[in-house]
């Protein structure tokens, strides 16, 4: 059981790292090298492939966890999803009232918030059950 | 929901880690079930009862507010 969990955890971390590297590489190329529109669109969709691989390993990892850990993951995800929804909703409303600077509040700047919401949810849920 | 896991463990002289290994969950999971923070599924409750050689009714009892 522990062995499966450790192996699953390792593949989640590796696939997440591959996804992050792909994303930041594509971001760097698109931002700094200003490629043609076609190449830019292809590069924008490229991290989707590595994200799909990460998602596969994450779901596989969660399904091999025990039921307490699965509950913790579920609550963390629900927490992150609700906060992400709230953030987008608030920014959407704010965008109608004040002009938000896209260099500070563009889509790509929201990603760290969503990741932070998940880890905060994980922290809260772990504290509740462990 | 209250439980007698700690008592049953003491009878067998098992640690939480021993029990966790026997029912294929983490030690933290056993701890959270034992302290009543998490109510296990029917499958896990039956597994626990089986390893202790007792029944689910002895291991878990409903409380008035359940």
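Tabulated values for the structure
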item	result
Of the criteria (1) free of Cβ contacts under 8 Å to residues at least 24 places away in the same chain; (2) under 22 Å from residue A:130 (Cβ atoms), which one residue B:23 fails	(1)
Scope the range B:26-41; condition without any contact (Cβ under 8 Å) to a residue 24 or more places away in the chain, part of a loop (DSSP other than H, G, I, E, B) and under 10 Å from the mean Cα position of the chain (by Cα); matching residues	B:35, B:40
Residue among A:21, A:68, A:99 that alone is assigned to a helix (DSSP H, G or I), free of Cβ contacts under 8 Å to residues at least 60 places away in the same chain and either under 25 Å from residue B:41 (Cβ atoms) or more than 14 Å from chain B (Cβ to nearest Cβ) (or both)	A:21
Lone unmet requirement of (1) under 30 Å from residue B:20 (Cα atoms); (2) loosely packed, with under 14 Cβ neighbours inside 10 Å for residue A:102	(1)
Of all residues in the range A:31-45 being surrounded by fewer than 16 Cβ atoms within 10 Å (Cβ to Cβ) and closer than 18 Å to residue A:111 by Cβ, the one that is modelled with the lowest pLDDT	A:31
Any hit, the range B:42-58, residues being closer than 24 Å to residue A:65 by Cβ, touching a residue at least 24 places away in the same chain (Cβ under 8 Å), assigned to a loop (DSSP other than H, G, I, E, B) and within 14 Å of chain A (Cβ to nearest Cβ)	no
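Every residue, every condition in (1) exposed (fewer than 15 other Cβ atoms within 10 Å of the Cβ); (2) more than 10 Å from chain A (Cβ to nearest Cβ), yes or no:
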{"residue": "B:3", "(1), (2)": "no, yes"}
{"residue": "B:7", "(1), (2)": "yes, yes"}
{"residue": "B:14", "(1), (2)": "no, yes"}
{"residue": "B:20", "(1), (2)": "no, no"}
{"residue": "B:24", "(1), (2)": "yes, no"}
{"residue": "B:34", "(1), (2)": "no, yes"}
{"residue": "B:37", "(1), (2)": "yes, no"}
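The values are calculated or read from the model by the stated rules, or taken from the named source; none is laboratory data. Please read these numbers as outputs of a predicted model, since none were measured by experiment. Neighbour counts are summed over all protein chains in view; Cβ atoms, including those assigned to glycine, are modelled from backbone coordinates with ideal geometry.
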